[in-house]
Structure formats: structure tokens, C-alpha cells
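Structure first, then comments.
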Amino acid sequence: MDLLHISGLSAMTHIGVHAWEQRILQQLLIDIHIPIDLTTCNNQLENTIDYDDLCQRVTAFVESSAFVLIETVAEEIAQLIKDEFHVNEVTLSVSKPHAIKNAKNVCITISR
């Protein structure tokens with residue numbers, strides 16, 4: 001099986017458990033992995049996933065929403081991708097850089 005991998009998709013949103021976090025925009029980084037059979041792609045966009053459209057849709061969704069947890073972000077993005085891009089399986093990671101003072105990054109990864 002082939003794999004579409006999008007790495008480091010950046011989106012700004014209101015996210016966090018603290019009230020002050022909901023008042024500021026914070027960066028999330030999103031990695032998306034979608035198994036896909038490309039043997040019948042034949043150099044035709046309609047035979048594959050339009051990754052530009054996928055990235056625009058995920059970014060627009062995240063930036064137009066507010067969240068408490070990155071776990072929720074991951075779950076809702078996974079559902080969006082499955083519904084709108086008609087895929088059976090997706091694995092994605094959502095990172096919140098600098099969420100913890102002495103950690104470079106906090107990340108959640110889910111497979112649906």
C-alpha cells in the first residue's frame with residue numbers, strides 16, 4: 001500500500017485549558033498519513049487525493065474553530081478527512097509546540 005504523508009501543516013487557533021490560552025492564537029502542527037493505492041492514478045488528479053485541497057480544508061477548519069484539547073483537534077480532523085475525502089484509514093499527529101515550559105513539543109497521534 002502506498003502512503004500520502006503531509007508533514008508539519010501549520011494552523012493557528014485558540015486552544016488550551018486555561019482561559020488566557022483561549023484569548024490568544026497558538027500554532028498547531030499537523031502530520032497526516034493516508035494509505036492509498038496509487039497503482040491506478042495514471043497521472044490524473046481525480047484518481048488520487050488532492051493534497052492541496054486537503055491541506056486547505058484542514059487548515060480552514062482548525063483556524064475557524066476553538067479547542068480545549070489537542071486530542072479533540074486530532075479526532076475532529078480525522079473525521080473530517082474520512083468524511084470529505086472518502087478514505088477508510090487515516091493516522092494523524094497534532095503537535096502543540098511549547099505547550100509545556102520545559103518541553104519542545106507535545107504531540108498526540110491517532111489512527112482511525
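The values are calculated or read from the model by the stated rules, or taken from the named source; none is laboratory data. In this text, all values refer to a predicted model and were calculated from it rather than measured experimentally. Every residue, glycine as well, gets a Cβ built from its backbone with ideal geometry; the counts of neighbours run over all protein chains shown. Protein only, heavy atoms only, side chains kept; ligands, DNA and RNA dropped before computing areas. Shrake-Rupley method; radii C 1.70, N 1.55, O 1.52, S 1.80 Å.
Can you find a residue that is within 17 Å of Val90 (Cα to Cα) and in contact (Cβ under 8 Å) with a residue 24 or more places away in the chain anywhere in region 17-29? Scanning region 17-29 turns up at least one residue that is within 17 Å of Val90 (Cα to Cα) and in contact (Cβ under 8 Å) with a residue 24 or more places away in the chain.
Being surrounded by 12 or more Cβ atoms within 10 Å (Cβ to Cβ) and either within 17 Å of the chain's Cα centre (by Cα) or not charged (D, E, K, R) (or both) is not true of Ala103.
Scanning region 85-102 for residues that are modelled with pLDDT of 95 or more and of a type in the set (Gly, Ala, Ser) yields a count of 2. Can you find even one residue in region 74-84 that is modelled with pLDDT of 95 or more, in contact with an Asp or Glu (Cβ under 9 Å, 6 or more places away or on another chain) and among the hydrophobic types (A, V, I, L, M, F, W, C)? No, region 74-84 contains no residue that is modelled with pLDDT of 95 or more, in contact with an Asp or Glu (Cβ under 9 Å, 6 or more places away or on another chain) and among the hydrophobic types (A, V, I, L, M, F, W, C).
A single member of Ile24, Ile30, Ile49 is open to solvent by less than 30 Å² (accessible area, probe 1.4 Å) and assigned to a loop (DSSP other than H, G, I, E, B), and it is Ile49.
Within region 60-97, being loosely packed, with under 12 Cβ neighbours inside 10 Å and either assigned to a loop (DSSP other than H, G, I, E, B) or at positive phi (or both) holds for Ser64, His86, Asn88.
Among the residues making up region 82-96, those that are within 18 Å of Asp2 (Cβ to Cβ) and touching a helix residue (DSSP H, G or I) at 6+ places or on another chain (Cβ under 7 Å) are Phe85, Val87, Val90, Leu92.
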